[in-house]
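Derivation of every value follows stated rules applied to the coordinates shown; laboratory data play no part. No experiment lies behind these values; they were computed from the predicted model shown. A quick note on method: Cβ atoms are made from the backbone with ideal geometry, for glycine too, and the neighbour counts reach across all protein chains shown.
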Amino acid sequence: MLHIVNKSPSDRNSVDTCLGHVKPGSAVLFIEDAVYAATKGTVAEAKVKAVMPGVAVYVLEPDLNARGMQGRVLDGVKLVDYGGFVDLVTEHSTCQSWL
Amino acid sequence: MTDEMDMEEGGVVKKFMFVNRKAPYGTIYALESLEVVLISAAFEQDVSLAFVDDGVYQLMKNVNTDGIEMKSFSKTYRALEGYDIEKLYVEKESMEARGLTEDDLIVDVQVISQSEMGDLMNEQDVVLSF
Amino acid sequence: MPMVEVAGKSFEVDEEGYLTNLADWDENIAKYLAQEEKVEMGDDHWEIINFLREYYNEYQIAPAIRVLTKAVAKKLGPDKGNNKYLYELFPYGPAKQACKIAGLPKPTGCI
């Protein structure tokens with residue numbers, strides 16, 4: 001399943017809760033303010049790294065660039081554009097958008 | 001996606017989960033979710049409700065909204081059984097982080113761990129977040 | 001919102017004729033609403049109306065028809081808890097019509 005989060009990890013607990021529920025084989029995509037969770041030095045870093053062996057973590061590049069956070073992305077996080085976002089949605093049978 | 005589906009009365013039954021993560025009354029999410037759940041009952045799907053994070057506050061007993069000029073919908077959770085919605089899951093960690101126990105809740109629920117909740121989400125055909 | 005006067009008391013209804021304020025309801029208003037729906041109220045009608053008001057008090061919603069039927073069957077027996085019986089009393093839909101007469105909002109989960 002694909003988990004999509006759009007809230008900053010230092011503002012809301014959505015990233016934290018999502019990462020607590022995600023299962024190996026699933027994917028997580030950070031968009032909008034959640035792109036901060038894909039970068040180095042945040043409150044979410046340890047938890048993102050902890051799930052990464054079994055979970056594919058993606059970040060939406062346009063949202064990342066819009067916030068000037070390019071170049072700070074955690075190793076192993078994959079960048080996707082809007083086309084890649086659509087591909088992720090179609091590749092997974094279910095999708096949850098964490099509010 | 002399709003392997004979990006059964007044919008029942010000529011229709012396809014899918015597993016739907018409504019994930020509730022917001023406290024009631026401060027925002028409209030909890031009430032909206034409850035209304036969607038009640039409407040979805042008409043389609044006779046396999047519906048589960050999950051209460052996670054502040055969503056567990058939706059099930060508090062002793063709600064009295066007289067002073068805030070809002071209709072209380074807390075008793076409506078008790079009507080869910082009559083709508084054949086009987087799968088109510090509350091996350092243990094969320095309840096504990098708020099100092100709550102099952103005795104504080106207005107309906108009977110199944111208390112499960114975060115890890116079990118993750119497994120349940122994974123089994124669904126459709127997950128709707130509120 | 002339209003205002004209606006019944007037996008010297010005036011009350012508000014919405015554009016579909018549902019009573020706006022549940023607390024305004026009394027027997028006279030029920031009789032007026034029934035007349036508007038062309039339902040002649042007998043004991044059997046009142047029994048369902050009172051049942052609906054009790055249901056609303058307990059759960060704070062007007063039940064969907066399927067739920068109403070089941071709940072009536074449980075409380076008043078299968079002779080009354082079935083579609084045929086309820087549609088005979090309230091031909092234009094027991095949930096919608098009876099809820100209106102009972103002063104409740106339109107049923108939740110009614111499609």
Pairs of alpha carbons in chain B whose separation is greater than 19 Å (percent): 49 percent
Cα centre as origin, Lys/Arg/Asp/Glu Cβ charges: segment B:12-129 dipole, Debye: 280 debye
Inter-chain shielding of C:59-67 (mean C-beta neighbours from other protein chains, 10 Å cut-off): 6
Computed FRET value (nearest 0.05) for residue C:10 with residue B:110, which takes r as the C-beta separation and R₀ as 45 Å: 0.35
Rg/Rh for the protein assembly as shown, where both radii come from Cα atoms and Rh is the Kirkwood radius: 1.07
Against the rule of thumb 2.2 N^0.38 Å, how large the Cα Rg of chain C comes out: 1.00
HN-Hα J in Hz across segment A:21-28 - Karplus 6.51, -1.76, 1.60, θ = phi - 60°, x for Gly and Pro: 9, 5, 10, x, x, 8, 10, 10
Cα centroid separation - segment A:39-76 against segment A:1-16, whole Å: 12 Å
Average Cα contact separation per residue, segment B:72-130, under 8 Å, 6 or more apart, as relative contact order %: 35 percent
Check: chain A dipole with +1 on Lys, Arg Cβ and -1 on Asp, Glu Cβ, in debye: 300 debye
Listed residues B:122, B:51, B:63: farthest to the positive end of the dipole of segment B:12-129 (Cβ charges): B:63
Normalised contact order of chain C, rounded percent, pairs of Cα under 8 Å and 6 or more residues apart: 29 percent
Inter-site label distance for residue A:46 and residue A:23 at 7 Å from Cα along Cβ, in nm: 2.7 nm
Estimated inter-spin distance, residue B:119 and residue B:70, nm [label 7 Å along Cα→Cβ]: 3.5 nm
20 Å Cα-Cα threshold exceeded, pairs from A:49/B:22; A:7/B:92; A:47/A:78: A:49/B:22; A:7/B:92
Cα centroid separation - segment C:52-105 against segment B:65-94, whole Å: 21 Å
Efficiency of FRET between residue C:46 and residue A:89 - r from beta-carbon atoms, R0 56 angstrom, step 0.05: 0.55
Radius 12 Å from Cβ of residue C:85, net charge of other residues (Lys, Arg +1; Asp, Glu -1): -2
Zero-based 5 Å bins, Cα pair distances in chain A, whole percents: 3, 15, 29, 29, 19, 6, 0
Span-like helix ranges in chain C, DSSP H, alpha carbon extent 15 angstrom or more, Kyte mean at least -1.0: C:65-76
Mean Cα-pair separation over length for segment A:1-72, i.e. relative contact order, pairs under 8 Å, 6 or more apart, %: 34 percent
